[in-house]
1. Given the residues Gly140, Gly151, Gly178, which is the only one that is over 24 Å from Gln88 (Cβ atoms) and touching a Cys at 6+ places or on another chain (Cβ under 6 Å)?
2. Kindly evaluate Leu57 against the criterion of being within 20 Å of Gly169 (Cα to Cα), outside any helix (DSSP H, G or I) and modelled with pLDDT of 90 or more.
3. Just one of Leu158, Leu173 is in a strand (DSSP E or B) and not charged (D, E, K, R); which is it?
4. Anything in region 135-155 that is assigned to a strand (DSSP E or B) and of a type in the set (Lys, Arg)? List them, or say none.
5. Among the numbered conditions (1) within 30 Å of Arg162 (Cα to Cα); (2) open to solvent by 60 Å² or more (accessible area, probe 1.4 Å); (3) assigned to a helix (DSSP H, G or I), tell me where Gln88 comes up short.
6. So, in region 182-211, exactly how many residues are of a type in the set (D, E, K, R) and open to solvent by less than 10 Å² (accessible area, probe 1.4 Å)?
7. Answer yes or no: is there a residue in region 231-242 that is out of contact with any helix residue (DSSP H, G or I) (no Cβ under 9 Å at 6 or more places or on another chain) and open to solvent by less than 10 Å² (accessible area, probe 1.4 Å).
8. Can you confirm whether region 34-45 contains a residue that is in a loop (DSSP other than H, G, I, E, B) and either open to solvent by less than 30 Å² (accessible area, probe 1.4 Å) or farther than 22 Å from Lys208 by Cα (or both)?
Amino acid sequence: MLKEERQAFIMHEVNLHNKVLSSDLSIQLNVSEDTIRRDLNELAESGKVLKVYGGALSKSFQYPFQDNEVYARESKKTIAQKAITLIQDGMAVLLGGGTTMLELARTLPEKMQCTFFTISPLVALELAERSSDDVILIGGKLARNTNVTIGSQVINQLSEIRVDLCLLGTNSLSVEDGVTDSDWEVVQIKKAMLRCSQKTGILSIAEKLNSVQKMKVCNVNAIDYLVTDLDAKHDSLSRFSQVVKVI
């Protein structure tokens with residue numbers, strides 16, 4: 001594989017999953033970790049990714065307010081508009097983090113009357129700016145790689161609330177392996193979010209479907225809604241629709 005092809009693959013993976021590990025890329029591309037590190041350094045020097053220890057981060061995930069940097073933004077807008085239909089006046093709603101959730105916050109009708117909880121300071125700011133709803137930020141240690149709060153303090157706070165609806169983004173989703181992620185601490189927070197929610201929806205662009213990360217959040221049948229940028233009757237969603245309501 002040529003260097004240009006290798007780096008194009010890396011860019012796709014980092015944009016899709018928000019971060020990549022050198023060790024994983026080395027296995028996927030069948031090249032040495034030194035080769036991957038050189039590729040990541042070149043991509044970082046050209047301003048395409050953010051280099052971190054052991055891998056790289058997506059610029060669109062770290063700087064979501066720069067609209068030109070957001071990966072698949074139109075698809076995420078479509079998902080946000082669909083997800084809004086799940087929210088009703090009077091609900092207590094728990095939101096995760098990420099660029100799709102930011103689009104959701106920007107799409108909310110101003111007259112909607114809800115109480116929003118979130119683990120994302122960025123989502124909290126968008127909610128406070130664009131609606132008159134009550135916004136409660138679940139506080140804790142800020143994970144710089146994901147821009148959400150993590151740790152035992154967050155889990156304890158989540159255990160003290162009960163919400164009508166939880167909406168989460170995901171790194172990967174498949175019928176066989178369920179909802180998976182690559183960050184251990186974020187997985188623990190997502191599990192706590194599921195436990196305090198009556199209903200749960202996963203928001204995901206179609207490219208993330210039928211992919212798997214190393215750490216499991218839950219089975220597909222543990223969620224109530226799958227919201228994607230595809231038509232609900234699309235052939236690629238048929239297996240998901242057997243176990244979850246697809247929107």
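1. Values: Gly140 fails: touching a Cys at 6+ places or on another chain (Cβ under 6 Å); Gly151 fails: touching a Cys at 6+ places or on another chain (Cβ under 6 Å).
Matching residue, one of Gly140, Gly151, Gly178: Gly178.
2. Details: within 20 Å of Gly169 (Cα to Cα): yes; outside any helix (DSSP H, G or I): yes; modelled with pLDDT of 90 or more: no.
Judged against the criteria, Leu57 is not a match.
3. Details: Leu158 fails: in a strand (DSSP E or B).
None of the others qualify; the one that does is Leu173.
4. Lys141 - this is the single residue of region 135-155 that is assigned to a strand (DSSP E or B) and of a type in the set (Lys, Arg).
5. It fails just one condition, (3).
6. Filtering region 182-211 for residues of a type in the set (D, E, K, R) gives 183, 185, 190-191, 195, 199, 207-208.
Applying the additional criterion that residues be open to solvent by less than 10 Å² (accessible area, probe 1.4 Å) yields none.
Total satisfying the criteria: 0.
7. no
8. So the first thing to find is which residues in region 34-45 are in a loop (DSSP other than H, G, I, E, B), and the list is none.
No, region 34-45 contains no residue that is in a loop (DSSP other than H, G, I, E, B) and either open to solvent by less than 30 Å² (accessible area, probe 1.4 Å) or farther than 22 Å from Lys208 by Cα (or both).
The values are calculated or read from the model by the stated rules, or taken from the named source; none is laboratory data. Because the structure is a prediction, the values reported are computed rather than measured. So basically every Cβ, Gly included, is an ideal-geometry build from the backbone, and we count neighbours across all protein chains shown. For accessibility, only protein heavy atoms count, side chains too; no ligands or nucleic acids. Shrake-Rupley method; radii C 1.70, N 1.55, O 1.52, S 1.80 Å.
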